[in-house]
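Q: One structure is given below, represented as structure tokens, and several questions about it will come after.
The values are calculated or read from the model by the stated rules, or taken from the named source; none is laboratory data. Model, not experiment: these values are computed from the prediction. Glycine gets a Cβ as well: all are built from the backbone with ideal geometry, and neighbour counts include every protein chain shown. Each accessible area value is taken on the protein alone, full model and side chains, heavy atoms only, with ligands, DNA and RNA left out. Shrake-Rupley method; radii C 1.70, N 1.55, O 1.52, S 1.80 Å.
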Amino acid sequence: MNQKVSMSGGRVLLILGRLVLAGVFLFAAYAKLKPQGPMPWSPASVRTSLAMFAMQVDSYQLLPESAVNLVAHLLPPFELFLGLWLLTGIALRFSSLITVLLLGGFFTVMVHSYMAGLEINCGCFGPGEKLGPWTLLRDGSLLAVAIAVTIGSFLIRRNQVPQQIAASPAAPIPEGTR
Amino acid sequence: MTQQTPWRRVLVGAAVAALGILIVRIAFHGSSLPQIQVTASASTPTPTPAPPDPVAPASALAEVQPQAATKSASAHAKAAAVETLGPPIKTIGSKDAPIMMEVFSDYQCPACGSLFELTLRPMINDYVAAGKVYLVHHDFPLPMHPYGYQAARWETAAARIGKFQEIDAALYDNQKFWSADGNIEKYVAGALSAADFRRVQKQMVGCALETKPSQGCALDVFIEQDKALGNQIPVKQTPTYVFTNRGQRLAPGAGPVAWPILKQFFDSLN
């Protein structure tokens, strides 16, 4: 009974964590793709927004120009995809693992740049947010949530496997062997 | 005859005394300039007014050209006394350009120096010269930099005589040298002619080295105006830049950016 309660509690937390991560990534993608001024949505506004995001990626001074453009143009759509994937809950072990890798990479780069004394924008949710202790704390917390969701999803999957085996009907014993 | 002589002496003495008083007044108060009321828009930050072309004469300045040197000291004194200067012109390029880039920076900030050398300089030679971008500089000296405010004063003084671009480049080119000892004057002098340097130096009277504005320095009002504009953005670090494309202001950016990446952004706007 206690195990069942803890399992259901764990599932609730897992769902909450998954939804939080999904919301964060969907908002991050929206913030990077939306028009960065008083203009309507259009292919031109998206192109401008991605060019502005490329400037933020470049401000970290870690990548060559070609890589900056690649990251700037692929990351927002990937965040959109990842957010939707987390929202559906399909193959949560894999989506959460990819989330951990992505957030881990972001956090490492942010810490490195902050320790190097770079006065730049975070670029996490569009322009205008300075890289500092608050952004590091926030992204570190999200990374912790992602790790917890990943571990939880693997544990629940592991516990589900014996239950599925126990629940499956026993194979009939062939005649003549009784 | 004997009655006219004393009167003549009195008149000559009075004229000499008046001339002496005039010379003394000019010597001690000749560099003080009339207070210029500057108002910043409370609703929308506006750039500093600029001449249409950096090559064209700075017609926006209410400047009286000093007269040719004469042997008479009164002529020199009178010329210096009547020189009035307008607000500083801290812009490069044509204001008719479709894109305006406003940069809030601190001359002692290393990232601002990098931005100038690696990004703004090629941009000035390329897109600003081609009339695609209009560059506007705003001073935003940070209190952590002991000589940043003083550097802004020198640049502001130079901008009031139409020499902003020369001093802007000189300050960034020699940033690591004057940042070490605060000797900014040497590099300003090296970037100007002797006559222009005197005109700039005269404006620095009363501007003792400080990291905050002082009532005795007539240049500080312009720097504080820039800071007020920056606080409306708000500027949280330097360099911070704000783009306006055909009258539409975009979200601000900050930090270093390579010229090819910035150029790509400009190309995406039009």
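Q: I'd like the accessible area for B:LYS186: 1.4 Å probe, protein heavy atoms, all chains in place, Å² to the nearest 10.
A: B:LYS186 exposes around 110 Å² with every protein chain in place.
Q: What are the residues whose amide H is under 5 Å from the amide H of B:LYS163, where those residues sit 5 or more places off or on another chain and H is modelled from the backbone?
A: Amide H neighbours of B:LYS163, under 5 Å, 5+ apart: none.
Q: Further, regarding this structure: Looking at A:ILE120, A:VAL46, A:LEU86, which one has the Cα that reaches farthest to the positive end of the dipole of chain A (charges on Cβ: Lys, Arg +1; Asp, Glu -1)?
A: Among A:ILE120, A:VAL46, A:LEU86, the one farthest towards the positive end of the dipole of chain A is A:LEU86.
Q: Do any residues of the range A:8-53 show a loss of at least 30 square angstrom of accessible area between the isolated chain and the full protein assembly, using a 1.4 Å probe, and if so which?
A: A:GLN36, A:PRO38, A:MET39, A:ARG47, A:THR48, A:ALA51, A:MET52
Q: Quick one: 3J(HN,Hα) in Hz for the range B:228-243, Karplus 6.51/-1.76/1.60 with θ = phi - 60°, rounded, Gly and Pro as x.
A: The phi angles translate into 5, 4, x, 5, 7, 5, x, 7, 10, 8, 10, x, 10, 10, 10, 10 Hz.
Q: Something else: Using amide H atoms built 1.01 Å from N in the peptide plane, name the residues 5+ places from A:ASN121, or on other chains, whose amide H lies under 5 Å from its own.
A: A:LEU131, B:ALA254
Q: Residue by residue, what Karplus-based ³J(HN,Hα) values in Hz, rounded to whole numbers, does the range B:155-161 have, using 6.51, -1.76 and 1.60 with θ = phi - 60° and x for Gly and Pro?
A: So the Karplus estimates, Gly and Pro as x, are 5, 5, 4, 5, 5, 6, 10 Hz.
Q: List the accessible area buried at the contact between B and A, summed over both sides and calculated with a 1.4 Å probe, in Å² to the nearest 100.
A: For B against A, buried area totals roughly 1900 Å².
Q: Across the residues of B:110-121, average count of Cβ atoms on other protein chains within 10 Å?
A: Counting other chains' Cβ atoms within 10 Å and averaging over B:110-121 gives 1.
Q: Return the Cα extents of chain A along principal axes one, two and three, sorted largest first, each rounded to a whole Å.
A: Sorted from largest, the Cα extents of chain A read 77, 35, 30 Å.
Q: Moving on to the next point. If you count only protein heavy atoms and use a 1.4 Å probe, how large is the accessible surface of A:CYS122, to the nearest 10 Å²?
A: That residue has around 10 Å² of solvent-accessible surface.
Q: Here is a follow-up. Residues of the range A:120-147 that become at least 40 Å² less accessible with every protein chain present than in their own chain isolated, using 1.4 Å: which are they?
A: Flagged in the range A:120-147: A:ASN121, A:LYS130.
Q: Mind checking the dipole of the range B:219-270: about its Cα centre, +1 per Lys or Arg Cβ, -1 per Asp or Glu Cβ, Debye to the nearest 20?
A: 220 debye
Q: Which of the three applies to the range B:171-270, rounded, prolate or oblate, going by the alpha-carbon gyration tensor with a ≥ b ≥ c and a/c under 1.5 meaning rounded?
A: Judged from the Cα gyration tensor, the range B:171-270 comes out prolate (a/c at least 1.5, a/b above b/c).
Q: Averaged across B:200-213, how many Cβ atoms of other chains sit within 10 Å of each residue's Cβ atom?
A: Per residue, the average neighbour count from other chains is 0.
Q: Sticking with this structure for a sec: Send over the semi-axes of the range B:222-261's equivalent ellipsoid, whole angstrom and largest first, taken as the square roots of 5 times the C-alpha gyration tensor eigenvalues.
A: 19, 14, 9
Q: I would also like to ask the following. For the range A:15-21, what does the Karplus curve 6.51 cos²θ - 1.76 cosθ + 1.60, with θ = phi - 60°, yield as ³J(HN,Hα) per residue in whole Hz, taken in order and with x for Gly and Pro?
A: Residue by residue, the range A:15-21 yields 5, 4, x, 4, 5, 5, 5 Hz.
Q: Oh, and also: I'd like the carbon and sulfur percentage of the solvent accessible area for the range A:102-155, probe radius 1.4 Å, heavy atoms only, ligands and nucleic acids excluded.
A: C and S fraction of accessible area: 78 percent.
Q: For B:ILE184, list long-range residues whose amide hydrogen, built 1.01 Å from N in the peptide plane, is under 5 Å from its own amide hydrogen.
A: Placed amide hydrogens put nothing under 5 Å from B:ILE184.
Q: I've got another one for you. Taking a ≥ b ≥ c as the square roots of the eigenvalues of the Cα gyration tensor of the range A:66-131, is the shape rounded (a/c under 1.5), prolate (a/b larger than b/c) or oblate?
A: prolate
Q: Too long at a 22 Å Cα-Cα cut-off: which of B:LYS212/B:LYS236; B:LYS236/B:LYS263; B:LYS132/B:LYS176; B:LYS132/B:LYS263; B:LYS186/B:LYS236; A:LYS130/B:LYS227?
A: B:LYS236/B:LYS263; B:LYS132/B:LYS176; B:LYS186/B:LYS236
Q: For the range B:182-237, compute Rh as the Kirkwood radius over C-alpha pairs and then the Stokes-Einstein diffusion coefficient at 4 °C and 1.567 mPa s; write the answer in µm²/s, rounded to an integer.
A: It diffuses with D of about 99 µm²/s by this estimate.
Q: Could you give the accessible area per residue of the range A:1-106, probe 1.4 Å, as a whole number in Å²?
A: Using a 1.4 Å probe on heavy atoms only, each residue of the range A:1-106 averages 51 Å².
Q: Using a probe of 1.4 angstrom, how much of the accessible area of the range B:170-264 is carbon and sulfur, in percent?
A: 52 percent
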